[in-house]
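Shown next, in structure tokens, is the structure this report addresses.
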């Protein structure tokens, strides 16, 4: 007999699930440590076997949880792991999204503990990928496991889609989602990736910036030359690169690429007032980041710069001799990596073309330029305010924290947002239990261990509440 | 009985020495290969044992040549190797200078043959340090050896001083020379370091640029941050670094540091005409270097920019993620290494202070700056036109090539020039048989093997002619 949990799950089910999760708290952490020990660095080809190992580990954990279909979906890059439980006809179907790949750990010398030996210090677990996105992802599987053990069913239908290329721009997920669109049908996406405002204050992310990425190389002489013999007579690619990069921004902090801000709407005075009312101070922000002062586009607050204004950022810049001691070289090349964060109204492809044109237009004499696209592109995203998934998130967070969540933007980008909306027509609700200050993409990434249990509780309530709301 | 070779060396001595050197040509190359196999990279601490090994090898070769005093002189850094033969009372004494240390070989992936496995390709020997300065240095010892075998004496008194820190700015040689000033008394310095204009055209270097060096670091947040979450709200050190570096030069190619050109004299119209008459073309220079076009200070020719105008060059620039793939990081630091080439009238210490002040004055908001001196400093140098050592060099080169040498400048710097002049009161005559295009300080450094025998012949004639001239 099939239970219909959308209507028939016993009233004590949620309490039973919560009790089991509390009882298994230590096991949950042990599992996370095991998962985060796998160096699934998607950007580095030497780690390809580790990425596959992480996918296999995750598929095994989903099978152990009792999911009825667990599959590894190959792509032209790293595979995605898919699983489903569809035993609640009539109840909503949520597509749970997350990613099991992680950022490169470099610079290694800045880590206080080995990045792939997850280490507990106080109430924090340190390790590459623990916050982005292994803990937030894993806890959703642990909640499904607890429901299936205690009730043999979930309150709603759930499909899990965990990709292995988020940190390299989800290059092949678009194709995969299009190919598997039938299997991925759902009411909306519930994302385990994202990150909350702070550990103490509940928040609901209602927008995310998009992204466009490119790399470029400036070339002078065909080979490295002696800077004494040749210096002054040929353009040093490092000087030309500096001039080129300096020309990407104005003294007012605005991006100087012509057309870059085309289509970018100003926020309304009311929206700006709301944002200014959030519990945020530049002083606390500087204390947290260690930066000497805020800096950015003139006329906007720090939060506006982070959430609602587009950016052009260098992620890497290099050329010449960078080792110990001195080497009097006039190098043949200089390199830069760039990503832009985009807001509604900006098209990643157009922005990339504008930057490319600007770089060529402002290229100094005596050097040549090569610009390469990285394929890392996504439009900005906004969640409709009255979305059912957003309403449930507000309700659950209000129950847990005793106050309604802040409605916040996300400075970062999740390229799959556009994929889910464009290909499947699905909105995405962010429900991640990582926190924005957990040094993701940086040395000494950590996850606050108490948030593992909090996240489990929240996800257990979320599915429960969604089923109840959908029943009416 | 002591022979006085200044007056008593037999008339056939030079011919006998030349014949012996021709007979030993293959041995001379084999010795060079052995010497250049030792990775005596003075800038890299892991190579310290190799630097010592090279010093030991060189001392051994000097003893084998029959030099009467061979000593290794310790310094606070790498040691110098000293040897002397003083059996020609009344004849001039020359202090032969060279260096047995070499530049770092990086970037290793750009070498076509292993840098420390010297490899003959056609008439070239490839390997780090073969041109700068191991072949030019070694051949002076081989010439002394040939004189001592054939005649049991040299035509003049010779002191050899070979240092191990030239590639790191000869940091401790000043102290050493001051301490050993008595032992180092001589009429002038004859330098085996330097490099000639071209393989076909004889040249005499009559000036060298000085050098000043510094490094600086721009710091923003205390740790690397996620460029999506934080980008736009804090100053990216890579942007600030680019602006800072771009501000070091004007659009006219001139160094923009206030006061930088103070004391720099313009060359006379006659000097400029002479220089313009040298056999040099920008087209050939671009073909040789592979650069797309000349570039530099407006109003000056390429040779003027290389020899007679001061420069400020970045040798290295780096920060953020420089590895494979993409990493969306807002890095906490950016770094730069700088060397200036100086001309007469500029004081290295003052130039360094001016740059430091300019960097602080132009530092963008939102970042901090740390400037470090590297200690790599030397004034520019000029050889008096009527110097006896220069006259002998002109005569020997004219004999060998059938025409008088070009009088050329040197874009590079030899810090010991100032040491020899300031501490010992000695001028320096450059008499090196390396050539400026031999990719010194770059991958695939090479030495033209026929120049080993040419250089030996030239040095044998030089000592012989000097003795004759001194006799009157």
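The values are calculated or read from the model by the stated rules, or taken from the named source; none is laboratory data. Keep in mind the model is a prediction, meaning the values are calculated, not measured. Positions of Cβ are generated from backbone atoms using ideal geometry, with glycine treated the same way; all protein chains shown enter the neighbour counts.
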Inset, instruction - Say whether the condition of being at pLDDT 95 or above, touching a helix residue (DSSP H, G or I) at 6+ places or on another chain (Cβ under 8 Å), closer than 22 Å to residue A:191 by Cα and assigned by TED's automatic domain parsing to the domain that holds residue A:180 is met by at least one residue in region A:46-55. - result: yes
Legend entry - Residues that are in a loop (DSSP other than H, G, I, E, B) and surrounded by 24 or more Cβ atoms within 10 Å (Cβ to Cβ), drawn from region B:170-194: B:170, B:192, B:194
Legend entry - Hey, residue B:278 surrounded by 13 or more Cβ atoms within 10 Å (Cβ to Cβ) and at the interface with another protein chain (Cβ under 9 Å from one of its Cβ atoms) or not: no
Legend entry - Residue in region A:325-341 that is on the phi > 0 side of the Ramachandran plot and within 29 Å of the chain's Cα centre (by Cα) present: no
Legend entry - Meets criteria (surrounded by fewer than 21 Cβ atoms within 10 Å (Cβ to Cβ), in contact with a helix residue (DSSP H, G or I) (Cβ under 6 Å, 6 or more places away or on another chain) and not in a strand (DSSP E or B)) for residue A:60: no
Inset, instruction - Considering only region B:367-472, give the helices (runs of 4 or more DSSP H) lying wholly within it that have at least 3 residues that are closer than 30 Å to residue A:221 by Cα and more than 14 Å from every other protein chain (Cβ to nearest Cβ). - result: B:450-471
Legend entry - Residue check for residue A:296: more than 30 Å from residue B:376 (Cβ to Cβ), part of a loop (DSSP other than H, G, I, E, B) and in contact with a helix residue (DSSP H, G or I) (Cβ under 7 Å, 6 or more places away or on another chain): yes
Inset, instruction - Could you figure out which of (1) assigned to a loop (DSSP other than H, G, I, E, B); (2) crowded, with 20+ Cβ neighbours inside 10 Å; (3) facing chain A (nearest Cβ under 7 Å) isn't true of residue B:346? - result: (3)
Legend entry - Complete set of residues in region B:283-302 that are in contact with a strand residue (DSSP E or B) (Cβ under 7 Å, 6 or more places away or on another chain) and either more than 9 Å from every other protein chain (Cβ to nearest Cβ) or touching a residue at least 24 places away in the same chain (Cβ under 8 Å) (or both): B:295
Legend entry - Filter result for the condition that a residue is crowded, with 22+ Cβ neighbours inside 10 Å, touching a strand residue (DSSP E or B) at 6+ places or on another chain (Cβ under 9 Å), within 25 Å of residue B:254 (Cβ to Cβ) and modelled with pLDDT of 95 or more, over B:408, B:338: B:338
Legend entry - Subset of region B:236-248 that is within 7 Å of chain A (Cβ to nearest Cβ) and surrounded by fewer than 24 Cβ atoms within 10 Å (Cβ to Cβ) - its residue that is farthest from residue A:443 (Cα to Cα): B:246
Inset, instruction - Taking only region B:1-42 into account, find how many residues are at pLDDT 95 or above and more than 19 Å from residue B:138 (Cβ to Cβ). - result: 4
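Only residues that are part of a strand (DSSP E or B) and more than 7 Å from every other protein chain (Cβ to nearest Cβ): list them for region A:318-333, please.
Answer for region A:318-333, where residues must be part of a strand (DSSP E or B) and more than 7 Å from every other protein chain (Cβ to nearest Cβ): just A:333.
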Inset, instruction - Please indicate, with yes or no, whether at least one residue in region A:216-233 is facing another protein chain (nearest Cβ under 7 Å), more than 21 Å from residue B:316 (Cβ to Cβ) and either assigned to a loop (DSSP other than H, G, I, E, B) or under 30 Å from the mean Cα position of the chain (by Cα) (or both). - result: no
Inset, instruction - Please work out if residue B:25 is buried (at least 18 other Cβ atoms within 10 Å of the Cβ) and in contact with a helix residue (DSSP H, G or I) (Cβ under 9 Å, 6 or more places away or on another chain). - result: no
Inset, instruction - Would you point out the residue of region A:44-60, among those that are touching a strand residue (DSSP E or B) at 6+ places or on another chain (Cβ under 9 Å) and in contact (Cβ under 8 Å) with a residue 40 or more places away in the chain, that is nearest to residue A:178 (Cα to Cα)? - result: A:55
Legend entry - Filter result (under 30 Å from residue A:288 (Cα atoms), more than 14 Å from chain B (Cβ to nearest Cβ) and touching a strand residue (DSSP E or B) at 6+ places or on another chain (Cβ under 9 Å)) within region A:163-207: A:190, A:191, A:192, A:199, A:201, A:202, A:204, A:206
Inset, instruction - Scan region B:79-117 for residues that are in a loop (DSSP other than H, G, I, E, B), within 14 Å of chain A (Cβ to nearest Cβ) and in contact (Cβ under 8 Å) with a residue 60 or more places away in the chain and report the count. - result: 8
Inset, instruction - Please go through region B:118-151 and pick out each residue that is within 22 Å of the chain's Cα centre (by Cα) and in a loop (DSSP other than H, G, I, E, B). - result: B:118, B:127, B:128, B:129
Inset, instruction - Test each condition in (1) touching a strand residue (DSSP E or B) at 6+ places or on another chain (Cβ under 6 Å); (2) within 7 Å of chain A (Cβ to nearest Cβ); (3) crowded, with 20+ Cβ neighbours inside 10 Å for residue B:305 and report the one that comes out false. - result: (1)
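Of the residues A:436, A:409, A:389, which single one is under 22 Å from the mean Cα position of the chain (by Cα), within 30 Å of residue A:472 (Cβ to Cβ), in the same structural domain as residue A:28 (by TED's automatic domain parsing) and touching a residue at least 40 places away in the same chain (Cβ under 8 Å)?
The match here is A:389.
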Inset, instruction - Could you tell me which of the residues A:68, A:72 is free of Cβ contacts under 8 Å to residues at least 24 places away in the same chain and within 30 Å of residue A:472 (Cβ to Cβ)? - result: A:68
